[in-house]
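Student: Sending over a structure as structure tokens; questions will come in a sec.
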Amino acid sequence: MTKSELARRIAETKKIPRGRAEALVDQVFGCIEAALRRDERVEIRGIGSFETRRYGAYQGRNPRTGDRVSVEPKCLPFFKAGKGLKDLLNARLTRTQDLPSLETSSPASPAKAETA
């Protein structure tokens, strides 16, 4: 779902003009962005929380050349799903989706290698 689809749905559900719904969506996301810029945590009960995480500088490697590269310290946004959202998504899972079936495993599967 895109931001414009979200605004359209809000406009339809709440029977408000689409422009006003777009302004509301922009305001909500703007508030979240501003809070993260101030290094504040944003929690939306039942959905999850947004926060920033700081990472220090370290020596990495260029995957193409293998050369050592210094990576600068950085601050990245992080989202952690709340219990309500996790429960909502996991309620649809069945036992067969939780664990792969052994009958559908390929000939090179670990189960076959154990018997060899």
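The values are calculated or read from the model by the stated rules, or taken from the named source; none is laboratory data. Predicted model only: the values in this text are computed from it and were never measured. Neighbour counts are summed over all protein chains in view; Cβ atoms, including those assigned to glycine, are modelled from backbone coordinates with ideal geometry.
Student: Any residue in the range 14-40 that's under 13 Å from GLU51 (Cβ atoms): show its pairings with residues that are β-branched (Val, Ile, Thr) and surrounded by 12 or more Cβ atoms within 10 Å (Cβ to Cβ) at Cβ separation under 6 Å, as long as the two are six or more apart or on different chains.
Tutor: Hits for this filter: ILE32/VAL42; ALA35/VAL42; LEU36/THR52; ASP39/THR52.
Student: Which residue is surrounded by the fewest Cβ atoms within 10 Å (Cβ to Cβ), if the candidates are limited to the range 1-35 and must be of a type in the set (Val, Ile, Thr) and part of a helix (DSSP H, G or I)?
Tutor: THR13
Student: Looking only at the range 11-68, which residues are under 21 Å from LEU85 (Cβ atoms), among the aromatic types (Phe, Trp, Tyr) and either at pLDDT below 95 or touching a Pro at 6+ places or on another chain (Cβ under 8 Å) (or both)?
Tutor: PHE50 - this is the single residue of the range 11-68 that is under 21 Å from LEU85 (Cβ atoms), among the aromatic types (Phe, Trp, Tyr) and either at pLDDT below 95 or touching a Pro at 6+ places or on another chain (Cβ under 8 Å) (or both).
Student: Does ARG92 satisfy the condition of being surrounded by 11 or more Cβ atoms within 10 Å (Cβ to Cβ) and among the basic types (Lys, Arg)?
Tutor: In short, no.
Student: May I ask you to list the residues in the range 69-110 that are assigned to a helix (DSSP H, G or I) and either touching a Ser or Thr at 6+ places or on another chain (Cβ under 6 Å) or at pLDDT 65 or above (or both)?
Tutor: Scanning the range 69-110 gives LYS83, GLY84, LEU85, LYS86, ASP87, LEU88, LEU89, ASN90.
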